[in-house]
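Handing you a structure now.
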Amino acid sequence: MELVINGDKIDVPDTVETVDNLIQHFGLSEKVVIVEQNQIIVEKGSHQETKLCNGDKIELVHFVGGG
Amino acid sequence: MSERYSRQELFTPIGVEGQQKIRNKHVLMIGAGALGTGNAEVLVRAGVGKITIVDRDYVEWSNLQRQQLYTEEDAKQRIPKAVAAKERLQHINSDVEIESLVMDVSVEEMDELAKNVNVIVDATDNFDIRMIINDISQKYRIPWIYGACVGSYGISYTIIPGETPCLNCLLETVPMNGVTCDTVGIIGPAVQMVVSYQTTEALKILVEDYDALRKKLVSFDLWQNQHTAINVQNVKKETCLSCGSDRSYPFLSYSNQTKTAVLCGRDTVQIRPPENIDRNLDSLAKVLSGKNGKISQNPYLLSFSVEPHRLVIFKDGRVLIHGTKDIAEAKTLYHRYLG
Ligand SMILES: [Zn+2]
């Protein structure tokens, strides 16, 4: 499946079906992540059941602590 | 002297009137590391009326790569960051009132510091203190500007009480220590980018141009050539305990918080006495000179090395134990040498 993630076209493997899968795919499952799918924020409680579709525009922002 | 801010006054959204506003404002900077020094320099050059800079640490060699106000001499002498920052900033702009405080900020301190402040700039390195800043911001209705960076990645968000979601709305859960403990390094440009985002928002707040605020959560990765901005307005929660209608400011209620903290990525534990004390470093030096260790001292702190550890004792009573991440071990060393 091809997604547009943070502005870049990215091919993700077929195993990535949900928002939660995507977060894991990018190694961000330990982080607090804000996810926007086609300009709508996906609530944290819905990451597991929210399916991704080919061509989805995804924005991923994760929180970090350093400064 | 009237030339000093001419370029900023020529910039229409600020103008002469905005410059006057900047002149009458007070910024609170929590932290004087990479983000703190960057933010402070921009705002001091911009002619802010007063800036209060608070930091608990001292300058080390590993800071010089990105903490722009510090010199080799500061690292050699282990000058507290707040002191070294003030020294440099006052040379940059003698018109600005600069208050520097060498201390650890927790609930009580934050409550005191927030008085008569127009904006709080987050230059901290952990979420414990950010959640306290967030609650104080809501309690006193003071805007604050979150900023953080690691590697080539950075993130920032401006929280306006009564308008935007707060950090508690955004995070829902406080990131666990360790998870936020960033040990993958950092490059200077990532710092500077976050500083640019934070200081621009700060200037908008200082000149009261609220319409111009970014309003989005922004993040970037300079090495990966990525940039993202998300509208998070809908994340504001009516039930939020920090900013909702039935708020309790949960992060202000632990006034007897842990007095020990592991400093992320530093192999260091901080131990803070329950009450601040004014420690006499000279007499402590005499006591410690009878023990098997190396002592060095400046007016602000005393460093005592007993391989493989080093204890750094501040005048306010805090002690940094370098060479361990183990709180129990740190406490043992603390009590062995300091009673
Ligand atoms: Zn909130």
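Bear in mind these aren't lab numbers, they're just calculated from the coordinates by the rules spelled out. A quick note: this is a predicted structure, and the numbers were derived from the prediction, not measured. Positions of Cβ are generated from backbone atoms using ideal geometry, with glycine treated the same way; all protein chains shown enter the neighbour counts.
Going by C-beta contacts inside 10 Å, put A:THR15, B:THR124, B:THR200 in order with the fewest on the left.
In increasing order of surrounding Cβ atoms, one gets A:THR15, B:THR200, B:THR124.
Also, quick follow-up: Under 9 Å from the Cβ of B:LYS325, count the other residues' Cβ atoms, weight Lys and Arg +1, Asp and Glu -1, and hand me the total.
-2
How long is the gain from B:GLU17 to B:ARG214 if the chain were fully straight, where each residue apart is worth 0.36 nm and the alpha carbon distance is subtracted?
68.7 nm
Taking the Cα centre of chain A as the origin, how large is its charge dipole in debye, to the nearest 20, when only Lys and Arg (+1) and Asp and Glu (-1) carry charge on their Cβ atoms?
180 debye
Among B:GLY162, B:GLY290, B:GLY15, determine the one that fluctuates most according to a GNM of chain B built with springs between C-alpha atoms less than 10 Å apart.
B:GLY290
Give me the one-decimal nm value for the distance between modelled label points at A:GLU17 and B:SER2, 7 Å along each residue's Cα-to-Cβ direction.
7.3 nm
Another question, then. Work out the charge dipole of the protein assembly as shown with +1 on the Cβ of Lys and Arg and -1 on the Cβ of Asp and Glu about the Cα centre, then indicate which of B:LEU301, B:ILE14, B:VAL150 is farthest towards its positive end.
Value: B:LEU301.
Now for a different question. Sticking with the crude label model, points 7 Å out along Cα→Cβ, report the distance from B:ASP278 to B:THR239 in nm, one decimal please.
5.0 nm
Quick one: of the DSSP bridges fully inside chain B, what percent are antiparallel, nearest 5?
Beta bridges within chain B, antiparallel portion: roughly 70 percent.
To the nearest 0.05, what FRET efficiency results for B:ASN24 and B:GLU108 with a Förster distance of 35 Å applied to their C-beta separation?
Calculated value: 0.80.
Please give the charge dipole size of the protein assembly as shown, origin at the Cα centre, charges +1 on K and R Cβ atoms and -1 on D and E Cβ atoms. Round to the nearest 20 debye.
1160 debye
If the viscosity is 0.890 mPa s and the temperature 25 °C, what translational diffusion coefficient in µm²/s does Stokes-Einstein give for segment B:3-252 when Rh comes from Kirkwood over Cα pairs?
134 µm²/s
Say each of B:LEU10 and B:SER305 gets a label point 7 Å from the Cα, pointing the same way as Cα to Cβ; how far apart are those two points in nm?
Between B:LEU10 and B:SER305, the label points sit 5.2 nm apart.
Tell me which DSSP H helices of chain B clear both cut-offs, 20 Å or more of axial length from alpha-carbon atoms and a mean Kyte-Doolittle hydropathy of at least 0.0.
Going by DSSP H runs, the hits are B:188-206.
Related question: Tell me, what is the FRET efficiency for B:ASN225 and B:VAL287 to the nearest 0.05, using R0 = 51 angstrom and their Cβ-Cβ distance as r?
0.35
Between beta-carbons, use under 13 Å as the cut-off and find the net charge around B:ASP74, counting Lys and Arg +1, Asp and Glu -1.
My count for the surroundings of B:ASP74 gives -1.
Over the protein assembly as shown, what is the percentage of antiparallel beta bridges among all DSSP beta bridges, to the nearest 5?
In the protein assembly as shown, DSSP labels about 75 percent of beta bridges as antiparallel.
Over chain B, what is the relative contact order in whole percent, taking alpha-carbon pairs under 8 Å and six or more residues apart?
Dividing the mean separation by the residue count of chain B yields 13 percent.
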